[in-house]
1. Assuming 0.36 nm per residue, please report the length gained on full extension of the stretch ASP110 to ILE10 beyond their Cα-Cα distance.
2. Could you give the Stokes-Einstein D for the chain in µm² per second, using the C-alpha Kirkwood radius, 25 °C, 0.890 mPa s?
3. Going 7 Å from the Cα of SER74 toward and past its Cβ, which residues in the stretch 1-45 have a backbone nitrogen under 15 Å from where you end up?
4. Among the GluC sites (Glu not before Pro) in the stretch 61-129, which ones are in a DSSP loop with at most 13 other Cβ atoms within 10 Å of the Cβ? Mind listing them?
5. How charged is the neighbourhood of ARG99? Take every other residue with its Cβ under 14 Å from the Cβ of ARG99, and add Lys/Arg as +1 and Asp/Glu as -1.
Amino acid sequence: MAPNSNLLRIIGRVGRELSTGFDAQLKGLGLTSARARVLLQLVRSPEGVSQAAVTEFLGVEHPTAVRILDGLESLGHVRREPAPHDRRAKLIMLTDAGRPLAEQVGMLTDGLNAQLLDGLSAEDIATTSRILTTLLERIEALKPPVSDALEEQVP
């Protein structure tokens, strides 16, 4: 096995373990990681975000994003409003009731980041971030363009 082949396995394991640990902490708040990520995005975007943007940053299919948003909306954490630039589009807004929960999630993630990165140098963090960003860009480049994927599904 080549020395660098271990890197992707380690990255995958780190991702799985991080996700598992984060999910366990979120369970105490009654949230899934997907719902928490939406709340974090909304607390950073007081003007709201489009459903399309939610789908993109979650990296899921549109129906999955709709189910996640429906769940958050039914709990009173978010609301949908017509987008001012396009009445067909909907903006997702954080509600007053959802704001404290979103802030709790933010504190949880800040604490997790601090705990995991404690003792690592700024240089190591910057280098790791740069490498992981490059790998992510390369992975994204391997995906077929959306139009190609849609054409392949047409009989």
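1. 33.7 nm
2. Using the Kirkwood radius from Cα pairs, D works out to 136 µm²/s.
3. Counting only backbone N, you get 31-32, 35.
4. GLU61
5. It works out to a net charge of 0.
Read-outs throughout are calculated quantities, based only on the coordinates presented, and are distinct from any laboratory measurement. Computed from a predicted model, the values in this text were never measured in an experiment. Note that we place each Cβ from the backbone using ideal geometry, even for glycine, and neighbour counts take in every protein chain shown.
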